[in-house]
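The structure appears right after this line, and notes come after that.
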Amino acid sequence: MRTIAWLLCTLGSISTVHANVEKTIFLGPSAIVLPNVRPGIDELDVDTLEPAELPILATQLSVKFPTESAPRGLDSWYLLRGLEEGRRYEVRICWPAFQPTDFWLDTFTITQVDTPELIASLAGYTDRARTSPSQKLRYTADGSSTAQSLLFLRVQAAASYYSTNKTLMQYPPLVDVDIILEPFILNVLPRSLGPAAIYITVVAVAAWFISGYTYRWIIAVSKEYEEKDHKE
Ligand SMILES: *[C@@H]1O[C@H](CO)[C@@H](O)[C@H](O)[C@H]1NC(C)=O
């Protein structure tokens, strides 16, 4: 299960199976010194992704069927740390096709999160997460006062199927997801596309040389024939 989701995720940006991949692209915000900001991030119970150390988070997400008051289901929150200011990144979420779900991904700077609505959503999530056994990697304050570039990631997830089973409609099962944080190469290409891009470039350049060679060869051969024709 996990492998399938991961494969889909890794191939996500190349292949056409985007039904199982949702993503958002953003720039690393300017670095800030943590102890001076509100809310106190060091007390938060949220999973963290870091491009260098923890680029992939395999977890399970609570979902809900959409309602009028919550058309996007349930909110889950993550912290994206260790970003580089001004660098372009992509966050992808991948899930198995047999768990049909709608996802919405949004990133917020710490100042943007500081609204009653978002704080309530964040608090609601950490309350839920505390009772869930699936949260493994927790953010721990390292007490450093060096400036960091970080963002909050909000994942909204709504189940998108229908069942006649009322229990299931009320308590849809957790969805297995992989969340992947990836920097772009030269701010242009996602890293996972890098090898493919290099391959395509090599093939294109080779094709160009080969076609030039073939062209000259055809000209040479046809000239040879022409000359032969003239002689005969
Ligand atoms: C309804 O779904 C629940 C939870 O998935 C399951 O335990 C139960 O057996 C299902 N009931 C019926 C009648 O299928």
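Placing Arg87, Arg92 in order of accessible area, with the largest value first and a 1.4 Å probe, yields Arg87, Arg92. For the range 193-232, rounded, prolate or oblate, judged on the Cα gyration tensor with a ≥ b ≥ c (square roots of eigenvalues), a/c < 1.5 rounded, else prolate if a/b > b/c? Here the range 193-232 falls in the prolate category.
The listed residues Asp178, Asp45, Asp102 rank as Asp102, Asp45, Asp178 when sorted by accessible area, largest first, using a 1.4 Å probe. Once the chain from Thr167 to Asp106 is taken as fully extended at 0.36 nm per residue, the excess over their C-alpha distance is 18.9 nm.
Order 215-224, 158-167 from most to least packed using the mean count of other Cβ atoms within 10 Å. Numbers along the way, then the final one.
Numbers: 215-224: 10.0, 158-167: 11.9.
My ranking of the peptides, most packed first, is 158-167, 215-224.
Under the simplified labelling scheme, the Val202-Ala31 pair shows an inter-label distance of 3.6 nm, with each label point 7 Å from Cα along Cα→Cβ.
The solvent-accessible area of Trp104, taken with every protein chain present and a 1.4 Å probe, is close to 70 Å². Once you put a point 7 Å from the Cα of Arg216 and another 7 Å from the Cα of Asp127, both along the Cβ direction, what distance in nm separates them? For Arg216 paired with Asp127, the spin-label model returns 7.5 nm.
In a fully extended conformation the segment linking Phe98 and Asp114 would gain 2.1 nm over its present Cα-Cα distance, using 0.36 nm per residue. On the beta carbon distance between Asp45 and Arg87, with R0 = 30 Å, the FRET formula returns roughly 0.65. Under the convention that each Lys and Arg Cβ holds +1 and each Asp and Glu Cβ holds -1, the size of the dipole of the range 193-232 around its Cα centre is about 200 debye.
The values are calculated or read from the model by the stated rules, or taken from the named source; none is laboratory data. The structure presented is a predicted model; accordingly, all values stated were derived computationally and were not measured. With ideal geometry, Cβ positions are generated from the backbone for all residues, glycine too; neighbour counts draw on all protein chains shown. Remember, those area values only see protein heavy atoms, side chains included, never the ligands or the DNA or RNA. Shrake-Rupley method; radii C 1.70, N 1.55, O 1.52, S 1.80 Å.
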